[in-house]
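Some notes on the structure that comes next.
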Amino acid sequence: MKFGKRSKRPPLKPLAFALALVCFFIYANLTAETTAHKAEVTLLPDDKLLSELVKDISEANTSVHIAMYMFKSYRNETNGAGLIKRALIKAADRGAEVYVVLDQTGEDDFVEKENKKLGKELKEHNIIVVYDKEDVRMHTKCAVIDREITYIGSHNYTNSAMKYNREMTAKIVSKGASEDAIRHIFSVK
């Protein structure tokens, strides 16, 4: 064997790996369970979410389903996340089914404490509160109202997200999209 000479054949292992990777991505995209829906979409940046969401929850006739990473309302119900909490309680008092899924970490951290405190308060008003598994981070930020209006985006339900952070949430009016979102919310057990 002479040193300095290179083989003109391409290396087979990296080529086979690259081909396998391409085939996997093609297969994954062809078999993914995605559904397209016709919808009316409104983008709600930064502080534009709060009033729209509270209005829709306040007008809910049958149901509100929420999956939220962090929901911190403090005791103040006159601004921010406190308005959302108050609207949920009023919806439940009117007879709408209100179902809330919150993240839990299993640790004594800020998110765990706030979500448990809020969950306890919501349960006192006959709101169904479910926590995800401790070993999985439920990072969804989604609300579905009357199985027709879906809010999905980056806003947590905290005063910081509603007032100070750079956030974006889409309001999607579509029964099909709402049903898909509810299936995702109910998948947390």
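Here are a few things to note about the model shown:
- Whichever residue in region 47-61 is at pLDDT 95 or above and in a helix (DSSP H, G or I) and, among such residues, is nearest to Val129 (Cα to Cα): Ile57
- The set of residues from region 46-77 being under 25 Å from Thr105 (Cβ atoms) and of a type in the set (Gly, Ala, Ser) comprises Ala67, Ser73.
- When Lys90, Lys120 are screened for being at pLDDT 95 or above, of a type in the set (Lys, Arg) and farther than 30 Å from His37 by Cα, only Lys90 passes.
- Among the residues here, Val64 qualifies as crowded, with 18+ Cβ neighbours inside 10 Å and modelled with pLDDT of 95 or more.
- Hey, Ala81 without any contact (Cβ under 8 Å) to a residue 60 or more places away in the chain and assigned to a helix (DSSP H, G or I) or not: no
- Condition met for Ala91 (on the phi < 0 side of the Ramachandran plot, assigned to a loop (DSSP other than H, G, I, E, B), among the aliphatic types (A, V, I, L, M) and surrounded by 13 or more Cβ atoms within 10 Å (Cβ to Cβ)): no
- Residue match in region 23-41 (condition: modelled with pLDDT of 75 or more, within 20 Å of the chain's Cα centre (by Cα) and more than 23 Å from Glu179 (Cβ to Cβ)): no
- Some residue of region 134-148 being without any contact (Cβ under 8 Å) to a residue 60 or more places away in the chain and under 17 Å from Val64 (Cβ atoms): yes
- Residue within region 85-95 that is touching a residue at least 40 places away in the same chain (Cβ under 8 Å) and among the aliphatic types (A, V, I, L, M) present: no
- All conditions but one from (1) without any contact (Cβ under 8 Å) to a residue 40 or more places away in the chain; (2) more than 20 Å from Phe186 (Cα to Cα); (3) surrounded by 15 or more Cβ atoms within 10 Å (Cβ to Cβ); (4) of a type in the set (S, T, N, Q) apply to Ser73; the one that does not is (1).
- Applying the set (1) at pLDDT below 95; (2) of a type in the set (Lys, Arg); (3) farther than 20 Å from Asn165 by Cβ to Lys72 leaves exactly one unmet item: (3).
- For region 134-164, the set of residues classified as under 21 Å from Leu118 (Cα atoms), among the β-branched types (Val, Ile, Thr) and surrounded by 15 or more Cβ atoms within 10 Å (Cβ to Cβ) consists of Thr140, Val144, Ile145, Ile152, Thr158, listed by residue number.
- Region 149-160, residues that are free of Cβ contacts under 8 Å to residues at least 40 places away in the same chain and part of a helix (DSSP H, G or I): Ser160
- When residues of region 166-176 are limited to those that are more than 21 Å from Arg86 (Cβ to Cβ) and of a type outside the set (D, E, K, R), the one surrounded by the most Cβ atoms within 10 Å (Cβ to Cβ): Ile172
- Residue match in region 163-186 (condition: in contact with a helix residue (DSSP H, G or I) (Cβ under 8 Å, 6 or more places away or on another chain) and in a helix (DSSP H, G or I)): yes
The values are calculated or read from the model by the stated rules, or taken from the named source; none is laboratory data. This is a predicted model, so every value here is computed, not measured. Ideal geometry is used to build each Cβ from the backbone, glycine not excepted, and the neighbour counts take in all protein chains shown.
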